[in-house]
Amino acid sequence: MPNMRMTKNPMPSQDPNVRNKNFKEVTLGYTEEMALDEAQRCLNCKNMPCVSGCPVNIHIPEFIKKVAEHDFEGAYQVIAQSSSLPAVCGRVCPQETQCEGKCVRGIKGEPVGIGRLERFVADWHNAHATVATITAPKNGHKVAVIGSGPAGLTCAGDLAKLGYDVTIYEALHLAGGVLVYGIPEFRLPKSIVQKEVDNLKALGVKVETNMVIGRILTIEELKDEYGYEAVFVGTGAGLPRFMNIPGENLKGVYSANEFLTRSNLMKAYRDDSTTPIQHAKNVAVVGGGNVAVDAVRCARRLGAETIMVYRRTIAEAPARRDEIAHTYEEDIEIRELTNPVECYSKNGVLTGVRCEKMLLGDPDESGRRRPVSTGEFIDVECDNLVIATGTSYSEDVVDTTKGIDKDQWGGIATDENGKTSRPGVFAGGDAVTGPQTVVKAMGAGKKAAVSIDAYLSAK
């Protein structure tokens, strides 16, 4: 009989007043006992609605059944059939709006903790697995993957499992893309990302870092001189977007990209880091998405008094509910209906930002209620301002490659299977759609891998 308790097993976590002063992982993960108990809440539905909510189509009831049977390695192998990054997804995937959002247990209570179980299984495998990775026989075809974010890693892993000779080209000095430069250590430890990358290397995937394709090498050179028969472009959307308000070029104003890269990738919070970051007294972060939440929580851990300003209410904010709850718990103020209009300074150094109070009007094209001006202004004192209002595309690859069309927003134009207008070139993830979730980028990488396999198999 299934466990009919209406609530999930709660996720153990650090005390808020302890964790807001360190960069250690906030959530601690399920114990074996908790995982077994939670797995028994699954009803093993015949129509499996949870699977339809997963962008990479993990066989969720099957892996949860393995957990309930105490076969944790078996559960991992089920997940690994569909996902190359289970330890990552178990931490940062918005399960509440995807797989768990479809769980029938959520109709009258809380859904099964699918994400928490996925994390448990992946962590258990990484800690206990001793069986060597089985690699597929090489099929004689070479594929280049540009970018090592979620889309690129997934595409590379799926192709390697089919016997392709795959090389990832990454612009930064570490593989992982947004997983290493964008998401803080306290939400996604970089050792977890490195372990997932190592798992792909064990499949035969090669990784070349410090390789900016479009500048060091072009796609034409990869194909003509290096012999790659297909190329996947997963370069993301990592260029910062500013608000174009007076004073945003002042000393003390950061893009979220720079602030988080310095903190996450370069470990600027450590005493032995060679990358400087200002330890401000008061930090204001603009935005309502996960990036804004990540930035304001990093600033809090760096010792600042922090405030997040958002032009809508939190009910309209795109950030995950769990992360917003963690933000409040960590003694961080969130000021709603507040829109920065001007930065002010003393001697060229930021001292604050003037904001207009807003009201919510009718819904806009996003379906959220539009912020409307009131003409009422307030000043927020700060010596750092972090702008987290969105990102845009890097155009190095597209602009140096003939025959790749863009869409009307500047992203790479593809069909539903990741094919671009240039034969043999495929793309997916944020480079196509703009900023999306990690798992949606992974889903795009999986589709592209299938498309690449069909393309090369027909040659």
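The values are calculated or read from the model by the stated rules, or taken from the named source; none is laboratory data. As the structure is a computational prediction, the values presented were derived from the model and not from experiment. Neighbour counts run over all protein chains shown; Cβ positions are idealised from the backbone, glycine included.
Okay, here's what the table says:
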item: Residue check for V166: within 30 Å of A299 (Cα to Cα) and touching a Leu at 6+ places or on another chain (Cβ under 7 Å); result: no
item: Residues within the range 6-33 that are assigned to a loop (DSSP other than H, G, I, E, B) and loosely packed, with under 15 Cβ neighbours inside 10 Å, tallied; result: 10
item: Count of residues meeting criterion [of a type in the set (D, E) and out of contact with any helix residue (DSSP H, G or I) (no Cβ under 8 Å at 6 or more places or on another chain)] in the range 33-83; result: 4
item: Helices (runs of 4 or more DSSP H) completely within the range 153-239 that count 3 or more residues being β-branched (V, I, T) and either assigned by TED's automatic domain parsing to the domain that holds Q436 or more than 27 Å from K406 (Cβ to Cβ) (or both); result: 190-202
item: Residue list for the range 349-375, filter: under 30 Å from the mean Cα position of the chain (by Cα), at pLDDT 95 or above and hydroxyl-bearing (S, T, Y); result: none
item: Matching option when the condition is farther than 14 Å from G234 by Cα, modelled with pLDDT of 95 or more and crowded, with 24+ Cβ neighbours inside 10 Å, among L456, L385; result: L385
item: Spans of helices (runs of 4 or more DSSP H) in the range 53-131 with at least 3 residues free of Cβ contacts under 8 Å to residues at least 12 places away in the same chain; result: 72-80
item: Residue check for G418: at positive phi, in contact with a strand residue (DSSP E or B) (Cβ under 6 Å, 6 or more places away or on another chain) and not assigned by TED's automatic domain parsing to the domain that holds R300; result: yes
item: Subset of the range 231-241 that is at pLDDT 95 or above and of a type in the set (A, V, I, L, M, F, W, C) - its residue that is surrounded by the fewest Cβ atoms within 10 Å (Cβ to Cβ); result: V231
item: Residue match in the range 261-276 (condition: buried (at least 19 other Cβ atoms within 10 Å of the Cβ) and closer than 30 Å to G403 by Cβ); result: no
item: Pick from the range 405-415, criterion in contact (Cβ under 8 Å) with a residue 24 or more places away in the chain and surrounded by 15 or more Cβ atoms within 10 Å (Cβ to Cβ), ranking: nearest to C298 (Cα to Cα); result: G411
